[in-house]
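S.K.: Pasting a structure here, questions to come.
The values are calculated or read from the model by the stated rules, or taken from the named source; none is laboratory data. What you see is a predicted model, and the numbers here were worked out from it, not measured in a lab. FYI the Cβ positions are ideal-geometry reconstructions off the backbone, even for glycines, and counts take in every protein chain you see. Each accessible area value is taken on the protein alone, full model and side chains, heavy atoms only, with ligands, DNA and RNA left out. Shrake-Rupley method; radii C 1.70, N 1.55, O 1.52, S 1.80 Å.
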Amino acid sequence: MPEISIPSPPERDTGVRVTATTLVNEVAEHSGDGHTYAAGEESPGLSPTTFGTVVHRLNELRPPRDEWDSFVERVSQMAGEEPTTDDIHAAIDHADDAIRFVDDLEASVTLEAVHDEYSVMARLDGSRIVGDIDRLLVTPDRYHIIDYKTNDLSATTSGNLAAHYRPQMLSYALALFQHDPSRRVRASLRFTDTGFEERFEWEPAELEDVKSELREMVDLIE
């Protein structure tokens, strides 16, 4: 009689899959940091999320300058919100700062590649941490992460915010090391409210330290 051999189904992945943003929020909650550090908190017309999205889209797409006002309105309306005149002016100011920062940085290095909204996945034991890097520069010896932060800094400092977002940057660094362990990783947090940069840097030799720090954070979710 004929026989059919059916392979056993693969074991289901029981690990954690989490976004880098969720990891940031979980770490903040467990550390007693009650502040969500939302973007654009002082804007009465747009929600923090939509304000940040508008600024990011201006940086990514860079429409003609005379279309920026209408671009802000369209992106806001796609989210079901209506920007005030102050929202439009604030978004343009934030985008101006981010674009100047990026242009100056790119002019100072030897670029091999540039990516916007670059999706990455960091593998850690059975867990996966996923996220999108706002802008990733690839140079001969370094990955340079650029992350635009539109937070209102009137009630906190860029240093506090950088510590808050550290889990996100660690996740991106691990993902990039796993892709190419020969390059260093530099992460620049550009706070467009004040035009200030906070920076993290990791060497390939620090890979195990990065994993260890992230492992403690992921365990908070499990």
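S.K.: Under the definition of Cα pairs under 8 Å and six or more residues apart, what whole-number percent is the relative contact order of segment 152-222?
M.R.: That works out to 32 percent.
S.K.: While we're on this one: What residues qualify as long-range amide H neighbours of S127, i.e. H under 5 Å apart, gap of 5 or more or another chain, H built at 1.01 Å from N?
M.R.: V16
S.K.: How large is the accessible surface per residue of the chain, computed with a 1.4 Å probe and reported in Å² as a whole number?
M.R.: 52
S.K.: A follow-up question, please. Can you give me the convex hull volume of the Cα atoms of segment 37-190, divided per residue and expressed in Å³? Don't jump to the answer; show the numbers that get you there.
M.R.: Working: hull volume 18.7 nm³, N = 154.
With only Cα atoms used, segment 37-190 gives 121 Å³ per residue.
S.K.: Considering Cα pairs under 8 angstrom that are at least six residues apart, work out the relative contact order of the chain and quote it in whole percent.
M.R.: Values: 337 pairs, mean separation 48.5, N = 222.
Reported as a whole number, the value is 22 percent.
S.K.: Then there's this: So what's the gap between the Cα centers of segment 70-88 and segment 148-184, to the nearest angstrom?
M.R.: Taking the Cα centre of segment 148-184 as reference, the centre of segment 70-88 is 28 Å away.
S.K.: Rounded to the nearest 5, what % of DSSP beta bridges with both residues in the chain are antiparallel?
M.R.: Percent antiparallel among DSSP bridges in the chain is about 70.
S.K.: Quick one: net charge around H94, please, counting Lys, Arg +1 and Asp, Glu -1 for every other residue with C-beta under 10 Å from its C-beta.
M.R.: Working: positive: K149, R190; negative: D93, D96, D97, D193.
Once all neighbours under 10 Å are counted, the net charge is -2.
S.K.: Next question. Where the accessible area of the chain is counted over protein heavy atoms with a 1.4 Å probe, how much of it, in %, is carbon and sulfur?
M.R.: That fraction is 48 percent.
S.K.: Continuing with this model, one more query. Where does the charge balance sit around R186 when Lys and Arg score +1, Asp and Glu -1, over other residues with C-beta under 12 Å from its C-beta?
M.R.: So the environment of R186 carries a net charge of -2.
S.K.: Given R₀ = 45 Å, what would the calculated FRET efficiency be for E208 paired with A79, taking r from the Cβ atoms and rounding to 0.05?
M.R.: Taking R0 as 45 Å, the efficiency between E208 and A79 is 0.65.
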